[in-house]
Structure formats: structure tokens, C-alpha cells
1. Kindly rank 73-79, 196-202 from highest to lowest mean number of other beta carbons found within 10 Å of each residue.
2. Starting from the Cα of GLU146, step 7 Å toward the Cβ, then list every residue of the stretch 36-68 with an amide N under 18 Å from that point.
3. Relative to the Cα centre, what is the charge dipole magnitude of the stretch 56-183, using +1 at the beta carbon of each Lys and Arg, -1 at the beta carbon of each Asp and Glu, and rounding to the nearest 20 debye?
4. Cut-off is 10 Å between beta-carbons; in what order do ASP12, ASP84 appear when sorted fewest neighbours first?
5. Given the options TYR119, GLN169, SER7, identify the residue whose Cα lies farthest towards the positive end of the charge dipole of the chain (+1 on Cβ of Lys, Arg; -1 on Cβ of Asp, Glu).
6. Highest GNM mean-square fluctuation, the chain, Cα pairs closer than 10 Å: which of GLY148, GLY91, GLY156?
7. Among the listed pairs LYS110/LYS179; LYS16/LYS73; LYS16/LYS51; LYS33/LYS110; LYS51/LYS150; LYS2/LYS33, give every one whose C-alpha distance is greater than 25 Å.
8. Can you tell me what share of the DSSP beta bridges in the stretch 2-204 is antiparallel? A percent to the nearest 5 is fine.
Amino acid sequence: MKLILTSEGFHDNPHKILSEMARLTNKKVEEIKITLFSILYTDIHQYYLTKTVDLIESLRLDKQNIKTINICKECPQTALQDLDVMYMCWGNTFEVLYNLQKNWFIQYIKDFIQKWWVYLGHSAGSQILWPDIGIASAGSSGDIDEVGLKDTTWLGYIPYTIWTHYVDQDSDQIAGYQKNYKYDFLTLRDNEAIVIDWNHTNFIY
């Protein structure tokens, strides 16, 4: 299990994130094959996806090695073929998980993480690995459950909750949640990342 969990993906500390990707894949940057999995409902979604792809290309990744998949459509059987890094993108956490469940991505992601490949989470993409994403509505940048998600438990690949987009004014709210919430919290600011290489965890600042 090789995870890079962030609040802002490549958009903060891009070179450090890229360095970890190269280390975990044991490949040169230009050899890394990455697929971005994202919600594509609106022009805004497409704008941010294009912006992210442009940023990745600027980091010396080969354009031919960068692919995108819309999680709002049924998961293609070729989703995990010829792939080193799965980049699970941003969005409303409840909406992201809803579409992953609805469109048959769950088993693909489980298979991917359980192998030696690298999973890069960006905001909601990091949060869906929690034991329970119900807490995603909390905080200064919390999400609203507009899809009526019935099952907020999912992968649980990490035994704690990562509070993404953390800012200092969230500290009192976290303290309140910790009294009644059975999982521990780790905070993650927009310029930070957590790297989990099987049983070893590093923080990037």
C-alpha cells in the first residue's frame, strides 16, 4: 500500500509530491504513467481538471503518459491497465464516493491499492480512504451531502481521519469532535502531505 494523501494535490509543493511519486514507483519522472479520476459534471470541473493536467505536464511528465477518467460514468474495464499512479481528484466528498459506488469503481480501487502501485489523493480523494467520511461535512471548508449518501463508511485503508484544508480556526471544532468520534484525527494544511509506504508514514511540509 503506497499512498500520498494531500489537500491540494500537485497545486502546493508540486516538486516534493513528484519526488515521492518517483521514489514510490521507482521510475524516472518522464516514465511515470498517471491517470486522473475526477468528477466531470460541469465546465468548472473540466476547467480544474485541465488546469491540473497542464500543471502535471509542466513537471516533465510525458503527455502520452497522462490519462483522465470521468467517475460519473461506468468504470471502464481498462481503468487500471498500464498505470503507475492513480490520482483521485477533488470535489464534494459525498458526491465523489457516491459516483465511485454507483459506477463500479470500488473494486478497481481496492485492487489497485492492494498492489504495489501508488495512490495520490487530492482533498476528497484523500478523504474517501477514511473509515467513515461522515465527518467530511465539518470544518471551515466542509462539504454538504447533496446526494443523500446512505453509506458513509468505505475503504478504511487508514485507521484515522485526515482533516484536509486545515486552518487554525478548526482546532476547537476538532477538539469537540474528538470527544464523540471514535477515530483519531490528523490535520493536513493545503501545503502538506502524508506519505504512507506500507507501514511507514512520512509527513511532507
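1. Details: 73-79: 13.4, 196-202: 11.3.
Highest to lowest by the protection proxy: 73-79, 196-202.
2. Residues 38-49 qualify, since their backbone N sits under 18 Å from the label point.
3. Working: 10 positive and 15 negative charges, 66 e Å.
So the dipole magnitude of the stretch 56-183 works out to roughly 320 debye.
4. On the way: ASP12 16, ASP84 19.
By the 10 Å Cβ count, ascending: ASP12, ASP84.
5. Of the candidates, TYR119 comes out farthest on the positive side.
6. Most flexible of the set in this elastic network: GLY148.
7. Working: LYS110/LYS179 31 Å; LYS16/LYS73 32 Å; LYS16/LYS51 19 Å; LYS33/LYS110 19 Å; LYS51/LYS150 32 Å; LYS2/LYS33 15 Å.
LYS110/LYS179; LYS16/LYS73; LYS51/LYS150, as the Cα separations exceed 25 Å there.
8. On the way: 11 of 34 bridges.
Counting DSSP beta bridges with both partners in the stretch 2-204, the antiparallel share is about 30 percent.
Computed from the coordinates by the stated procedures, all read-outs in this text should not be read as laboratory data. Bear in mind that the values here come from a model prediction, so they are computed numbers and not experimental data. All Cβ positions, glycine included, derive from the backbone under ideal geometry; neighbour counts span all protein chains shown.
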